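Undergrad: First, the structure itself, so that you have it in front of you.
Here, each number is a calculation from the coordinates, and none is a lab measurement. Note that the structure is predicted; figures quoted are calculated from it, not measured. Glycine also receives a Cβ, built like all others from the backbone with ideal geometry; neighbour counts cover every protein chain displayed.
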Amino acid sequence: MDRYYCEEISQAGVISLSDDQAHHALHVMRLRNGDKVELFDGRGQWAAAHAIVQKRQIQFEIVGDKHTSPPPPFELYIATAIPKADRSEQLVEAASQLGVHTVSWINYRRSVVKSGDTGGKMGKWRRIAIESAKQCRRNWLMNIESPTPLSDFIHRCKMPMLFADPQSSMHLMAWAIPATPPKQLTIFIGPEGGLSPDEVQTFQNCGAQAVSLGVHILRIETAVAASAAIMGKLLMPPLS
């Protein structure tokens, strides 16, 4: 069954979607009057609905009960440098599919792409997260936070915190296996030029643990996917 994102499905009566969701339903999927779909609001609520097509416009009406999926008991936060070009889009899509709670873009000292270079990408990244949630049947949307300096971000993080370091003797898997599963975890992924010495010192001063993701140096989006896959397998329930 096709799925569509709708910011508000608690209202009674006929429901309209955003322009991009309506365009996809009407002109890409070519839904017809009476076709059944699933609507979700990105905050755990979802319901079956049928299409109402009139004069090249499409709306939906809820059929039956609304349902609520509980939020996952474990929240994985990824604080990452922004990859170049369309690799940031690949990162967002993969992170959403792997159940990441929030992607926070961080301006590291050696970041190639910083906040001034993102332009209008925040909207596109959020649209990608929505499309990914539709595809992977995720009912809680992944959050995406605007770029911020590491010094501003790290002081509002809660423990435990990990940062990826290829030189670390502790693999992320080794950290996760004996650990009592926390309710949330932040993993920092640095730029491809690596963390600067003062950034490493900042992490150490905050009590963050250095972890390795393997024997090879990974691209940013690969490191994010690897981190999410490892933690998801160990700590996260199936996506709702």
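Undergrad: Between Arg30 and Lys84, what FRET efficiency comes out of the Förster formula 1/(1 + (r/R0)^6) with R0 = 51 Å and r the beta carbon distance, rounded to 0.05?
TA: 0.90
Undergrad: Could I ask something else about it? Take His23, project a point 7 Å from its Cα along the Cβ direction, then tell me which residues of the stretch 37-70 have their backbone nitrogen under 19 Å from it.
TA: 54-60
Undergrad: If you average 1/r over every pair of different alpha-carbon atoms in the stretch 103-240 and take one over that average, what Kirkwood value in Å do you get?
TA: 16.2 Å is the Kirkwood radius here.
Undergrad: Could you work out the Rg to Rh ratio of the stretch 168-215, with Rh taken as the Kirkwood radius (inverse of the mean 1/r over all Cα pairs)?
TA: Taking Rh as the inverse mean 1/r over Cα pairs, Rg/Rh reads 0.97.
Undergrad: In deg cm²/dmol and to the nearest 500, what is the mean residue ellipticity at 222 nm of the chain if only DSSP H runs of at least 4 residues count, each as -39500 (n - 2.57), divided by the residue total?
TA: About -8000 deg cm²/dmol.
Undergrad: Looking at the chain, which longest stretch skips every one of the trypsin sites (Lys or Arg not before Pro) that is in a DSSP loop with at most 10 other Cβ atoms within 10 Å, leaving the sites themselves out?
TA: Excluding the exposed sites themselves, the longest stretch runs over 57-155.
Undergrad: At 0.36 nm per residue, and after removing the present C-alpha to C-alpha distance, how many nm does the segment from Lys233 to Gln135 gain when stretched out fully?
TA: Stretched fully, the Lys233-Gln135 segment lengthens by 33.3 nm.
Undergrad: Counting only DSSP beta bridges with both residues in the chain, tell me the antiparallel percent, nearest 5.
TA: Percent antiparallel among DSSP bridges in the chain is about 40.
Undergrad: Report the FRET efficiency, 1/(1 + (r/R0)^6), for Val53 and Asn143, where r is their Cβ-Cβ distance and R0 is 30 Å, rounded to 0.05.
TA: My answer for the efficiency is 0.35.
Undergrad: Here's something else I'd like to know. Roughly how far apart, in whole Å, are the Cα centres of the stretch 40-72 and the stretch 117-183?
TA: 28
Undergrad: State the extension gain, in nm to one decimal, for the chain segment bounded by Gln201 and Glu38, taking 0.36 nm per residue of separation less the distance between their alpha-carbons.
TA: Here the segment from Gln201 to Glu38 would lengthen by 53.8 nm.
Undergrad: Sticking with this one: Rg and Dmax of the chain, using alpha carbons, in Å: what are they?
TA: 19.9, 64
Undergrad: 7 Å from Cα along Cα→Cβ at both Arg127 and Lys158: what's the point-to-point distance in nm?
TA: Those two pseudo-labels are separated by 3.4 nm.
Undergrad: Can you give the extra length, in nm with one decimal, that the chain gains between Lys114 and Val63 once fully stretched, where that is 0.36 nm per residue apart less the Cα-Cα distance?
TA: Length gained between Lys114 and Val63: 13.8 nm.
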